[in-house]
1. Please enumerate the residues belonging to region 35-67 that are surrounded by fewer than 16 Cβ atoms within 10 Å (Cβ to Cβ) and assigned to a loop (DSSP other than H, G, I, E, B).
2. Answer with yes or no whether Gly7 is surrounded by fewer than 12 Cβ atoms within 10 Å (Cβ to Cβ), modelled with pLDDT under 95 and more than 12 Å from the chain's Cα centre (by Cα).
3. If I filter region 10-34 down to residues being over 16 Å from Leu64 (Cβ atoms) and of a type in the set (S, T, N, Q), which single residue comes out as surrounded by the most Cβ atoms within 10 Å (Cβ to Cβ)?
4. Taking only region 12-29 into account, find how many residues are under 13 Å from Glu43 (Cβ atoms) and not hydroxyl-bearing (Ser, Thr, Tyr).
Amino acid sequence: MDDRNEGRGQPYQDVLAWLRTATVEEIRGALAISWGLSRDDLERGIRSMMRSDRPTLANEFPKLRSD
């Protein structure tokens, strides 16, 4: 898993920890209300999970795929 966070530190690590167990519905809800750096962390975390722990997220969030 790519845990590089380019200086964001703990907030990004917290997002990754949450994404490991969050339901797809919870992730969708978070995306719907997030903005700015929080949204960036969330999108980057989803992409990271797609490449490692949760590859099926690619089916749920095709716009975030980095093929």
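The values are calculated or read from the model by the stated rules, or taken from the named source; none is laboratory data. The structure displayed is predicted, hence computed values, not measured ones. Here the Cβ is made from the backbone with ideal geometry for all residues, glycine too, and neighbour counts use every protein chain on show.
1. Correct list: Trp35, Arg51, Ser52, Asp53, Pro55, Thr56, Arg65, Ser66, Asp67.
2. Numbers: surrounded by fewer than 12 Cβ atoms within 10 Å (Cβ to Cβ): yes; modelled with pLDDT under 95: yes; more than 12 Å from the chain's Cα centre (by Cα): yes.
Judged against the criteria, Gly7 is a match.
3. Only one residue tops the list, namely Gln13.
4. Narrowing region 12-29 to residues under 13 Å from Glu43 (Cβ atoms): 12, 15-16, 19, 27-28.
Okay, now just the ones that are also not hydroxyl-bearing (Ser, Thr, Tyr), so 15-16, 19, 27-28.
The qualifying residues number 5.
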